[in-house]
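Accompanying notes for the structure given below.
The values are calculated or read from the model by the stated rules, or taken from the named source; none is laboratory data. None of these values were measured; they are calculated from a predicted model. Cβ placement follows ideal geometry from the backbone for every residue including glycine, while neighbour counts extend to all protein chains displayed.
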Amino acid sequence: MNIKFLHSFLAISVSSIVLVSCQSQETETVNQETVVTEEAPEESIEKIDSNVVFNANLASKEDLKLTGLSSELIEEILTKRPLLTMNSLDSLLNGVTNKEELYRHLFVPINLNTTPESDFLLIPGVGKKMAHEFEEYRPYKSIKQFRKEIGKYVDEEEVARYENYVFVPVELNSASEEDIKALPGIGEKMAHEFEEYRPYSSMKQFEKEIGKYVDDRELKRLSRLVYLKK
């Protein structure tokens, strides 16, 4: 065989092997990148407006997806609702590492009159000093009182932010329409129904009448927002 021809044949063969090897590596890299892209969440907490705080008991599945939670946790939240305390949600999310950032956008509003002072620390941006001030002015008769007292320490914008995380329970037979509508997830229609059946003689009556409009889960959520004087 011609020596020059043999050298040329060998050179072409080596070049072909190198080319195939490079193409294989490029294909593998592209496939790996494709997998990463497919596994990355389509939505993230960064896409939520900074002022939006979803009530964990009222948020839709699509809302919960925006918080960046896994599909497994989302299903668990939906299954276990209503979560009657923030501690219930906190325990459910025990493995989540970025809780403070998450709670800026997902929360179960807490009762200003009965929540332990230490639990106010779950509210993003609330330190020990502010948690003490929250407790200091109890019992609150209305959310307006909360605005007045806490407004001594922070501006109106910050007070309004706090209101996403707290509520003042109302007395069913005497609360004003304004105070009822200030409760989490209560609109004009439901506020009207609350007033429609006054006076209530017992919580059982409340559950019977309001149960005509909502399911058992929502009724449990609403019941924790109200009380009757003894």
Check: Which of the residues spanning segment 157-185 are within 17 Å of GLU196 (Cβ to Cβ), surrounded by fewer than 18 Cβ atoms within 10 Å (Cβ to Cβ) and within 21 Å of the chain's Cα centre (by Cα)?
Finding: LYS181
Notebook entry, point to check: Taking into account only those residues within segment 69-127 that are of a type in the set (Gly, Ala, Ser) and part of a loop (DSSP other than H, G, I, E, B), which is modelled with the lowest pLDDT?
Noted result: GLY95
Next item on the list: Would you check which residues across segment 41-64 are part of a helix (DSSP H, G or I) and modelled with pLDDT under 90 and list them?
Entry: ILE45, GLU46, LYS47
Item checked: The listed residue being of a type in the set (Ser, Thr, Tyr), farther than 22 Å from LEU83 by Cα and surrounded by 12 or more Cβ atoms within 10 Å (Cβ to Cβ), out of TYR227, TYR213, TYR197 -> TYR197
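May I ask you to verify whether SER142 is small (Gly, Ala, Ser), surrounded by fewer than 16 Cβ atoms within 10 Å (Cβ to Cβ), modelled with pLDDT of 95 or more and under 25 Å from LYS229 (Cα atoms)?
Yes, satisfied.
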Next item on the list: For residues that are surrounded by 14 or more Cβ atoms within 10 Å (Cβ to Cβ) and acidic (Asp, Glu), scanning just segment 63-89, find the one that is farthest from GLY185 (Cα to Cα).
Entry: GLU76
Note to self: For segment 113-169, give me each residue that is of a type in the set (Gly, Ala, Ser) and under 29 Å from THR97 (Cβ atoms).
What the structure shows: SER118, GLY125, GLY127, ALA131, ALA160
